[in-house]
Amino acid sequence: MSEESHHPAAVSPIERRVAALEAMLTERGLVPGGFIDEITRRYESEIGPMNGAKVVARAWADPAYKKRLLTDGTAAVAELGFGGAEGDHMVVVANTAAIHNVIVCTLCSCYPWPVLGLPPAWYKDPPYRARMVREPRTVLAEMGCELPGDTEIRVWDSSAEVRYLVLPERPSGTEGMTEAELAALVTRDSMIGVARL
Amino acid sequence: MSTPLNPALSLSELDLPRRNGELAFDAPWQSTVFALAAAVVDHAYGGDREPFRRQLIKAVAAEPDRPYWESWTAALEALVATLPDR
């Protein structure tokens, strides 16, 4: 009998730890049946970045909404039916020709989940968190977002108190588009501020 | 000269024309441990995320280079250890 049959490669130590947590929490009645599948499905599909794209498209199409969004992000986002956990205190920062905004969380990974879904892997990487604050222009360029030398870059550090969302500039040539068509142009990365549209 | 932020990034993500809807988890255990934390926050702490968030900050600070979901797991283990016995 081979050594492998005693230690199936499929189960890593971290998987074992998570399985142990799941068994223990389930036994304590803290994990209702189907809860894990339901949460995962919601974050990956319904609560994904498309919520944020709808917010951005509305702001592009409706100047009054844009004004409300920039004044009270939480309330304006709630107007479209989005909110709840991790979206309590939304502050929306608008890109202009002269100013580029980007969000980061230096402490852990605070992120506006209700509008952007789960954070991408790199958002949680220590190099991104540390370097975006120190040398944003270089990091943005490495990520494919080259900015003119005279563009001011503002880095916003998210926290439990405030979650930021970047309102990207509306691309030119989109004047005749409907709100739904506009929403389809908006990427998650443009709302984090690591890409332009 | 600085090293690239994440060499895999340009290939796996930035080259894609559309990035919305990308799966955030690389393995099933990651979505499981994410959902387990949500369950504990909801059902043991009445929706208060702060205790877990404090553990997560501690876990990330303890080993900054540890993969994120492993820190998340460590944070949940630490939080669960503080739950009162039944």
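Couple of notes before you dig in:
- Label-to-label distance, nm, for residues given as A:I153 and B:D48 (7 Å Cα→Cβ offset): 3.9 nm
- Chain A: most fluctuating residue of A:V139, A:V56, A:V166 per GNM, C-alpha cutoff 10 Å: A:V139
- For the stretch A:77-141 and the stretch B:34-77, distance of Cα centres in Å: 19 Å
- Selection from A:L182, A:P148, A:I36, by position along the positive dipole direction of chain A (Cβ): A:P148
- Remark: mean inter-chain Cβ contacts per residue of A:178-190 equal 2, using a 10 Å Cβ-Cβ cutoff to other protein chain atoms.
- Cα gyration tensor shape for the stretch A:55-181, rounded if a/c is under 1.5, else prolate or oblate: oblate
- Which of A:Y128, B:Y45 is most accessible, then next, and so on - probe 1.4 Å: B:Y45, A:Y128
- Cross-link partners for A:K66 among the lysines, with Cα-Cα distance under 19 Å and sequence neighbours closer than 8 places in the same chain left out: A:K54.
- Calculated FRET efficiency for the pair A:T71/A:A130, C-beta based, R₀ 51 Å, to 0.05: 0.95
- DSSP beta bridges fully contained in the stretch A:48-192 are about 0 percent antiparallel.
- Cα point-scatterer Debye curve for the stretch B:47-86, base-10 log of I(q)/I(0) at q = 0.14, 0.17, 0.25 Å⁻¹: -0.29, -0.41, -0.78
- Short-range pairs are left out: with C-alpha atoms under 8 Å and at least six residues apart, the relative contact order of chain A is 25 percent.
- Summing Lys and Arg as +1 and Asp and Glu as -1 over all other residues whose Cβ lies under 10 Å from the Cβ of A:L147 gives a net charge of -1.
- Cysteines in chain A that lack a partner Cβ within the 4.7 Å cut-off: A:C108, A:C145.
- Cβ-Cβ distance of A:R28 and A:V162, R₀ of 45 Å, FRET efficiency by 1/(1 + (r/R0)^6): the value works out to about 0.85.
The values are calculated or read from the model by the stated rules, or taken from the named source; none is laboratory data. Remember, predicted model here, so these are calculated numbers, not experimental data. Methodologically, a virtual Cβ is constructed for each residue, glycine included, from the backbone with ideal geometry; neighbour enumeration extends over all protein chains shown. Just the protein is used for accessible areas: all its heavy atoms, side chains included, with ligands, DNA and RNA removed. Shrake-Rupley method; radii C 1.70, N 1.55, O 1.52, S 1.80 Å.
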